[in-house]
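Below you'll find the structure, written out as structure tokens, and then a few comments.
The values are calculated or read from the model by the stated rules, or taken from the named source; none is laboratory data. This structure is a prediction, so every number in the text was calculated from the model and none was measured. Each accessible area value is taken on the protein alone, full model and side chains, heavy atoms only, with ligands, DNA and RNA left out. Shrake-Rupley method; radii C 1.70, N 1.55, O 1.52, S 1.80 Å.
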Amino acid sequence: ASIAIVAFFGVSVAKASASTTVFNTNPLDYATALVSNYTTAPGCQTCWSPSVTMAPGQVVSMKLYYHNTGTVTATDTRVRMSPQTTPVVNSKMLAAGVWSSNASLVIGYGTVTIPGTPQTITYIPGTAAWFPEHGPANAPQYFSPAQEAALFSASGVSIGDIAPDSTCPSTQTFCHQGSVVARFQIGNAVVNPTTYICSDNIDNDYDGLTD
């Protein structure tokens, strides 16, 4: 297929101009992008929504859902989220997209609303995880720092080839659907707990107190 350049979240990425498969076109598919309040409902599988209201200091989760709904394997499938961090805002649409070398880009948006004082929204390093072959028995595969950087880059991070439903067992449907989940801090600086230095008279964890 010939390659065209398209705008993705304000930057350019390549996609196939003559697709041979597609993502997320089944009426039973989830939305491509969903959000939930991780602080009040960590691990909740029924709390995903197109929008969520958050408070300063809370953590919002974002899910990128994908499902090859075509008839052939989606090769070199890539996923991306944006932005990695925001200026102070009261409302922001977080974007997520999936595409492959032979499938056009599909984008979804999850809206985060923050009443009151505007806050930043910042990705929390180490939280991005891939859930392949969706199912409760499948453990998440956490991204490496390099994969995290790619997740928020123009080229996205590769999750390999995604097979179509025609390869699923007869007793299962959507067996190759999956998702990527990442968490973002609402306000407050995000600091890796492993880097805290105690008893140095510095507010290392940004809680307003010196340690």
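Just a few scattered comments:
- Net length available on complete extension from Gln147 to Cys44 is 34.6 nm, with 0.36 nm assigned per residue and the Cα-Cα distance removed.
- Scalar couplings 3J(HN,Hα) for the range 149-155, obtained by applying the Karplus form with A = 6.51, B = -1.76, C = 1.60 to θ = phi - 60°, are 4, 5, 4, 9, 9, 5, 7 Hz; x denotes Gly and Pro.
- Expressed as a whole percent, the accessible area of the range 27-124 that falls on carbon and sulfur atoms is 58 (1.4 Å probe).
- Additional length obtainable on full extension of the chain from Cys175 to Ser51, 0.36 nm per residue less Cα span: 42.0 nm
- In order along the range 42-58, the Karplus-derived 3J(HN,Hα) couplings, from 6.51 cos²θ - 1.76 cosθ + 1.60 at θ = phi - 60°, round to x, x, 5, 9, 10, 9, 6, 8, x, 8, 8, 9, 10, 10, x, x, 7 Hz, and Gly and Pro are given as x.
- Counting only heavy atoms of the protein chains and using a 1.4 Å probe, Asp165 has close to 50 Å² of accessible surface.
- Taken as Cα centroids, the range 154-180 and the range 96-114 sit 16 Å apart, rounded to the nearest whole angstrom.
- Under a 5 Å amide H cut-off, with hydrogens placed 1.01 Å from N, Gly160 pairs with Thr77 among residues at least 5 apart or on other chains.
- Counting only protein heavy atoms and a 1.4 Å probe, the range 143-184 has 42 square angstrom of accessible area per residue.
- Length added when fully stretched, Asp161-Thr113, from 0.36 nm per residue minus Cα-Cα: 13.8 nm
- Overall dimensions of the range 63-128 by Cα: Rg and Dmax, Å: 14.9, 49
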